[in-house]
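Data block below; observations after.
Values quoted throughout were computed directly from the atomic coordinates according to the rules given, and no laboratory measurement underlies them. Keep in mind that what you see is a predicted model, and the values were worked out from it rather than measured. Ideal geometry is used to build each Cβ from the backbone, glycine not excepted, and the neighbour counts take in all protein chains shown.
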Amino acid sequence: MTSTRLPSVWERSRQMACEEIKAAALRLFITQGFEQTTVTQIAEEAGVSQRTLFRYFGTKEELICGDQDELGELLVRLAAEQPDDVSVWQVLRDGFVKVMTADHAPEQTLRISALILRTPALHASYTQKRQAWAISLMPVIRERLLAQGGEASRVDHNARTAIAVALACADAAVSTWVATRGEADLVTLYDQSFDLVRSAPCHDVRDRESAGAPTAGREPGGESRPPEATTHATER
């Protein structure tokens, strides 16, 4: 029987220290603004030295966005662990829902999300880390599309498109969630965005094109959504 290694005393102490520093930073960022808050103030609020703070967090942005790296790893792992017959759309939907609800308590996540959306420096760091998610997801989604009969010449484009759609739906859901101050359910918002995209009338667009009618929002020679992903979509 395989045993799971428990965190050492040092690891638990380090984790507790990181959480206390992040909580102190968040309090200051919310009350006086991200740009207006200095590293010295954060260290004093957390009761640590600046040297200790920088040992755990390389930048101020990492105090808020650092968790995105671990969440990205979780997303890739969840996608890879799904059974082979599960569609790309379902894999992405389930993975993003898990990641969106895995980090903090809803109230804490709402405060952090609102801070990121209104702070350019944090939003830039957040966006960069999400782009890293997309890159890490590519091999997993590409392999699944191929295994489910995707056309090899188009599979890279279709994988990028499916991942971009999933990310865009998550961003839309979080933006609406913050705008409603948490009154709307985050997962429900994500599913509404996802369902809207999956039900896009791509056949109607093609019919209008064939009839010579102009179409908007379509790249030259592009598809409305990944055909392989759509073919294998499953209902929740």
Using every pair of alpha-carbon atoms in segment 84-159, split the distances into 5 Å bins beginning at 0 and state the percent of pairs per bin, rounded to integers. 3, 14, 17, 20, 16, 12, 9, 7, 3
Residue by residue through segment 115-130, the couplings from Karplus 6.51 cos²θ - 1.76 cosθ + 1.60 with θ = phi - 60°, in Hz, x for Gly and Pro, are 5, 4, 5, 9, 10, x, 5, 5, 5, 5, 5, 4, 5, 4, 5, 5
What FRET efficiency do you get for residue 200 and residue 70 if R0 is 25 Å and r is their Cβ-Cβ distance, rounded to the nearest 0.05? 0.15
Under the 0.36 nm per residue contour assumption, what length would be gained going from the current alpha-carbon distance of residue 16 and residue 135 to full extension? 39.7 nm
Whole-Hz couplings from phi, Karplus 6.51/-1.76/1.60, listed for segment 185-191; x for Gly and Pro: 7, 5, 5, 4, 4, 5, 5
Using mean Cβ contacts within 10 Å as the protection proxy, how do 77-84, 191-198, 159-166 order, highest first? 159-166, 191-198, 77-84
Hey, with R₀ at 25 Å, roughly what FRET efficiency would residue 123 and residue 154 work out to, going by the Cβ-Cβ distance, to 0.05? 0.15
Between residue 143 and residue 179, the FRET efficiency computed from the C-beta separation at R0 = 45 Å comes out, to the nearest 0.05, as 0.75
When the gyration tensor of segment 1-150 is built from Cα positions, what are the square roots of 5 times its three eigenvalues, in whole Å, from largest to smallest? 33, 20, 13
